[in-house]
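I have placed the structure first, in the form of structure tokens, so that the comments after it can refer back to it.
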Amino acid sequence: MIKIYHNPRCSKSREGLNILAESGQDFQIVKYLDIPMEKEEIKEVLSLLGISAEELIRKNEKDWKENYKDKKLSDDELIQAMQEHPKLIERPIVVCDETAVIGRPPEKIKDIIS
């Protein structure tokens with residue numbers, strides 16, 4: 001099953017959702033701002049993406065600048081920050097089987113769903 005971590009207010013996320021809809025495949029939409037991801041779910045996504053917690057952080061977000069910008073944080077602390085402030089998570093993220101991609105640009109999504 002394909003899963004998209006989606007923020008409806010983000011244009012890139014909406015483009016990613018359109019790519020999935022046009023693919024004709026079944027997929028699940030996870031509105032992670034409404035129901036924040038659990039720590040283990042964030043760790044699993046990081047593992048599938050093959051990136052560090054810091055690489056998943058949106059550093060231009062207000063929550064980052066006000067609370068974390070000049071601090072040296074461990075991966076666990078960064079994951080905690082993403083759980084507490086889901087806007088910090090890059091988007092959209094699409095998971096397909098044992099692979100995941102950040103849809104920036106959204107066309108990257110086509111690489112894992114075809």
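Observations
- Sorted peptide list for 5-17, 70-82, criterion being average Cβ within 10 angstrom, highest first: 5-17, 70-82
- Placing +1 on the Cβ of every Lys and Arg and -1 on the Cβ of every Asp and Glu, with no other charges, gives the chain a dipole of roughly 560 debye about its Cα centre.
- Matching the structure-derived mean projected area of the Cα convex hull in nm² against the labelled list [x] 8.2; [y] 6.6; [z] 7.1 gives the label [y].
- Degrees separating the helix 75-84 axis from the principal Cα axis of the chain, which is the longest one: 70
- Residues K110 and E44, FRET efficiency given R0 of 22 Å [Cβ-Cβ distance, rounded to 0.05]: 0.45
- Across region 44-54, rounded Karplus estimates of 3J(HN,Hα) from the backbone phi angles (6.51 cos²θ - 1.76 cosθ + 1.60, θ = phi - 60°) give 5, 4, 4, 5, 5, 6, x, 10, 7, 4, 4 Hz, Gly and Pro being marked x.
- Shape of region 21-84, Cα gyration tensor, a/c cut at 1.5: prolate
- Cross-link table K87/K108; K62/K110; K31/K110; K72/K108, entries beyond 29 Å C-alpha to C-alpha: K62/K110; K72/K108
- Cut-off under 5 Å, modelled amide H: who pairs with I89 long-range: R58
- In the chain, helical runs assigned H by DSSP with n ≥ 4 each contribute -39500 (n - 2.57); averaged across all residues and rounded to the nearest 500, the mean residue ellipticity at 222 nm is -11500 deg cm²/dmol.
- Set of region 96-114 residues, backbone N closer than 13 Å to the point 7 Å along the Cα-Cβ line of E22: 106-111
- For peptides 48-54, 102-108, sequence by mean Cβ density within 10 Å, most packed first: 102-108, 48-54
- Sequentially through region 104-114, phi angles give Karplus couplings (6.51, -1.76, 1.60; θ = phi - 60°) of 10, x, x, 4, 4, 4, 4, 5, 9, 9, 8 Hz, Gly and Pro residues having no value and appearing as x.
- Centroid-to-centroid separation of region 58-110 and region 9-43 [C-alpha atoms, Å]: 13
Since every read-out is calculated from the coordinates, none of them should be taken as a lab result. All values derive from a computational prediction rather than experimental measurement. No Cβ is skipped: glycine too gets one built from the backbone with ideal geometry, and neighbour counts run over all protein chains shown.
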